[in-house]
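To start, the structure itself, in structure tokens.
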Amino acid sequence: SNRSLPVRFKWWEVLDGAGRKMHPSRILIIDPDVELAENLIQRLVAGGYRALAVGSGQEGLAVVLAEPPDVLLLDVQIQDMDALDALDRLRDHAPRMRIICLIGHGASVTGIEAMEGGAFDFLDKPLDVGLLLEKITAVVQ
């Protein structure tokens, strides 16, 4: 793409047994919960994906503009943007990207509303990471 990613955004690369870079699917996580995001990155990279996490909607948009991921995990409780507005803008920039919304306790947006707004799927928090990985696998195949 013609825009390059800001330096602080770096896709975790996956190497094969011979140390060559593989080019598996890219998963972007937009979630203010840093601990959860780091845990997800570890699980995704272990599963053979390239993963990147950012904490805000604006940062997520910057990544999507520069290098659209294959799958986006969007926490609907992002602080800096309305989640449905974010969904709309993200889909405009990357129509082929599949978005899975993460719905925390007390979220103002329901999973149904997220899907009506263009999400491919949704999962409730606390996350069942095994189920999330199954959903991602189903999306990228």
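Modelled spin-label separation between LEU133 and ASP92, with each label point placed 7 Å from Cα along the Cα-to-Cβ direction: 3.7 nm.
3J(HN,Hα) along segment 46-63: 4, x, x, 9, 9, 9, 8, 10, 10, x, 9, x, 5, 5, x, 4, 4, 5 Hz, from the Karplus curve 6.51 cos²θ - 1.76 cosθ + 1.60 with θ = phi - 60°, whole Hz, x for Gly and Pro. Taking every alpha-carbon pair in segment 95-141 and binning the separations at 5 Å intervals from zero gives 5, 22, 30, 24, 14, 4, 0 percent. Residues whose amide H lies under 5 Å from that of LYS125, counting only those 5 or more places away or on a different chain, are ILE103, GLY104, HIS105; hydrogens are built 1.01 Å from N in the peptide plane. Looking at the chain only, what percent of DSSP beta bridges run antiparallel? Nearest 5 please. Percentage antiparallel, nearest 5: 5. The packing ranking, built from the mean of other Cβ atoms within 10 Å per residue, places the peptides 58-65, 80-87 in the order 58-65, 80-87, highest first. For the chain, the share of accessible area belonging to carbon and sulfur comes to 49 percent (1.4 Å probe, ligands and nucleic acids excluded).
Coupling constants for segment 86-92 follow from the phi torsions by the Karplus curve (6.51 cos²θ - 1.76 cosθ + 1.60, θ = phi - 60°), and in residue order they are 4, 3, 4, 5, 5, 5, 4 Hz; glycine and proline get x. The charge dipole of segment 18-141, taken about its Cα centre with unit charges on the Cβ atoms of Lys, Arg (+1), Asp and Glu (-1) only, comes to about 740 debye.
Within the shell defined by Cβ-Cβ distances under 15 Å, the residues around LEU123 carry a net charge of -4, with Lys and Arg each +1 and Asp and Glu each -1.
The values are calculated or read from the model by the stated rules, or taken from the named source; none is laboratory data. Just so it is clear, the model here is predicted, and its values are computed rather than measured. Here Cβ is always computed from backbone atoms with ideal geometry, including for glycine, and neighbour counts include all displayed protein chains. All accessible areas refer to the heavy atoms of the entire protein, side chains included, with ligands and DNA or RNA removed. Shrake-Rupley method; radii C 1.70, N 1.55, O 1.52, S 1.80 Å.
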